[in-house]
1. Among B:243-253, A:360-370, how do they line up from the highest to the lowest mean number of other beta-carbon atoms within 10 Å?
2. Which residues belonging to segment A:81-103 lose at least 20 Å² of 1.4 Å-probe accessible area when the assembly is complete, relative to their chain isolated?
3. Taking A:Lys366 as the anchor, which aspartates and glutamates have their alpha carbon closer than 19 Å to its alpha carbon, excluding any fewer than eight residues away along the same chain?
4. Before I look further, what does chain A give for accessible area per residue, probe 1.4 Å, in whole square angstrom?
5. Using a 1.4 angstrom probe on heavy atoms only, work out the carbon and sulfur share of the accessible area of segment B:229-346 in %.
6. On the protein heavy atoms, probe 1.4 angstrom, tell me the percent of accessible surface of segment B:1-105 carried by carbon and sulfur.
7. Long-range amide H contacts for A:Ile322: which residues qualify at under 5 Å (H placed 1.01 Å from N, peptide plane, sequence gap of 5 or more or a different chain)?
8. If I take the Cα coordinates of chain B and project them onto the principal axes, what are the three extents in Å, biggest first?
Amino acid sequence: MLRREFNLSLFVREMFRKYYLSHHDFYIPKKLEEREFGFVFFDNGTMHRHISFKNIDELVRYIRKIIPSHVFYSSAYYEYPNADSMNQKGWLGADLIFDIDVDHIPTLCKKYHDSWKCLNCGKEGTGSVDICPFCGSERIKKKTWVCNKCIETARDETLKLIDFLSEDFGFSHKELEIFFSGHRGFHIHIDKKDVLEMDQDARREIADYIRGVGIDTDFFLKRVQKDLYEYIWSIDSKGWHKRLIRGMYSFLLKMSRDDLMLAGLNSERINILIDKLGVYGPDALNEVVLTLNEWKFLFHNAIKEEQCIIDEKVTIDIKRLIRLPDSLHGKTGLRVIKLSYKELENEDVLKKSIVFNDGYIRLYVKRIPEKVLDWKFENVRNKVIDVPMYLGIYLLQNGGDDISLIKIL
Amino acid sequence: MAKIEVTLTKGYFLKYPFLPDALKYISELGLTLEDLSYDTLGNEVIRRVKEIFDAVINSLPIPPSGDDPDIEVLSYLVALIVLKIIGDRSLIEKFVVVLSKKYSEYINVEENNFLLYLATTFGWKIAYGSEGKYMMFFIDYLENIPEYRGRWKLVHRQVSKGWVYLEKIELLRLIESGLKKYMAKQISNVNISEVQLPDPVYTLVEEISMVWNRKVKEYEKVRSRYLKKGEKYYPPCIRSIIEDLKNGRNLSHSARFALASFLLNIGMDVEEVLGIFRFSPDFREDLARYQIEHIAGLRGSKTKYVTYKCDSMRSLGLCYWECEGISHPLQYYYKAVRGMPPNVKKRI
């Protein structure tokens, strides 16, 4: 067992070495000398941090010598980035960072590649759950994979995030640095001077805004009769005032009268609203009065339509270590890549991030999910398969006992 | 953005001695601290500084100034020096709170242009929009709002292209909080060491420091009466975490932190907190002890951590309640112990 893992990590490390030695134009973080770096090594999997470099050449030399499985750098700038304790580093500021991770977004493809096991009752299933549907325990062991559908979902969510950042917060597309993480998601970094000194509270408030957290109906409704309220903002207003009305509208367009009835919205008022939607468009929402509960139902769904699911912890943390662009993700072997807005919109992100394009690899597979990266497997059990190198590396790294290497072709 | 021009007379310096123009005017007079200490002007200044601190420390309104702007600006300057030397964070906080309240009374009746001038003095990006509204850059807005909820919560604001739209009354509130930060910054920027102090100023520092220490001891005596009360005084968020723990649920990292830091802050020691964490299904004494000692400030960074605020608890998904008038779990606890438990509503 130990022997197999040892060989695997040696093999992957060799592949990483080839990449790091042949790759040249490494991404250079702004003020590199003020950043802390962290590396995970292949041999023991532990993180070595509190390391700093004077320039990109020094960093690249280090990476080529060590050949790490993961490379991270701090979103923060420090006076002494290599000080051993966070308190001694002398925090000078931090980029504003957003993280979109498909792990947090419900997707249909998860049932084709993810599985879970309850550590409490022992039951298993496919897809992704947080609570065991059989015994209610939260002690769940998950096995997750990423496929191109996941990446597409995360990409769409990232476009939504960019809409918030430009429409509401006024950042131009040029001020946003967009990265694919080499695994399940995307990062956006902003290093504009204005944002660097923002404290955690201010960053949290931005994250709450983007996630649509804390919206209180009081600020959007006015009582016009006993128990009946109207929505007081028009589609021409700004911020969530506009987003709510837009979100309610797109939600209602997707719903039939029957759907709404099933959801418990069966009043004459809702019928009137639906009739008016056809005539007035979103303005119809300013033409009706509804009960508080009806509005709350619509708000809830409007927020779901409009919100962007970011991992708020990443945005709030002002001392976070994040993946270095152009480094390889140790779990997938994919490259962390920088994308322009156009590339994010139009290009095949997965293809761009594949480094190990050459050769094939023969594996013995006990079990394998139906979809992995851009491949489909149908009913593959206890079989020998040949797959391209990039896929083979991911399968081996993430497959545990289910997948083993036979030979490199 | 166009530069905002305001002509300031000496009358403004009397009202607003913190203004950079006021301090510049005084420095142009070429007075040194030495000069201050030995003549009648000096005596007047020292008397005024004492008067200000007496009001600050005892939470009383500041007595009105005389009609000499020189004395008022100099007193302000000496007060900054005194604060810098004593270096006590709570005293500085008290000072800026009381003084910003006083200045705000004048600011509230000022014209538009002066408000914009003040805002730009604080370094804010701000503009006068249409329909009587002000537009403020969102980062300046976020750094100065009194709380992250209710009308101030960003989801409840008109926000577009980086600008947050404000009513005049809201801008005034933000200016008050901006002023506090501005004064705190002035204090931290004071560059002086004790050696440079002439005797009368040195005596003044000692005197104020003594009065303040006496007050702090009084506060602590009162505080000790509130420590380590029963679970029924805990806010609903903390009670719910304890319940989860007792029901054998695995707690998230942030829930553990919230609970441990809360218990430590109401006076429990590490052993007592460990006792509560023992209910945890995956309890490991060595790990738990390490974490709790860290939060208590006995390890690592040696900082004693304070519990998350309500805003943070909400973002972390640990709070599902509205506790009337409460912005921090510890505030709930102190109120409850005083026999005034806040009204609690469950949020949708």
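1. Order by mean packing, descending: A:360-370, B:243-253.
2. A:Asn87
3. Correct list for A:Lys366: A:Glu5, A:Asp114, A:Glu124, A:Glu378, A:Asp386, A:Asp401, A:Asp402.
4. Values: 19330 Å² over 409 residues.
Per-residue accessible area for chain A comes out at 47 Å².
5. 51 percent
6. 54 percent
7. Close amide H contacts, sequence-distant or interchain: A:Tyr73, A:Ser74, A:Ser75.
8. 71, 54, 37
The values are calculated or read from the model by the stated rules, or taken from the named source; none is laboratory data. The structure presented is a predicted model; accordingly, all values stated were derived computationally and were not measured. Quick reminder, even Gly has a Cβ in these numbers, built from the backbone with ideal geometry, and neighbours come from all protein chains shown. The protein model used for the area step is the full one, side chains on, heavy atoms only, and it has no ligands, DNA or RNA in it. Shrake-Rupley method; radii C 1.70, N 1.55, O 1.52, S 1.80 Å.
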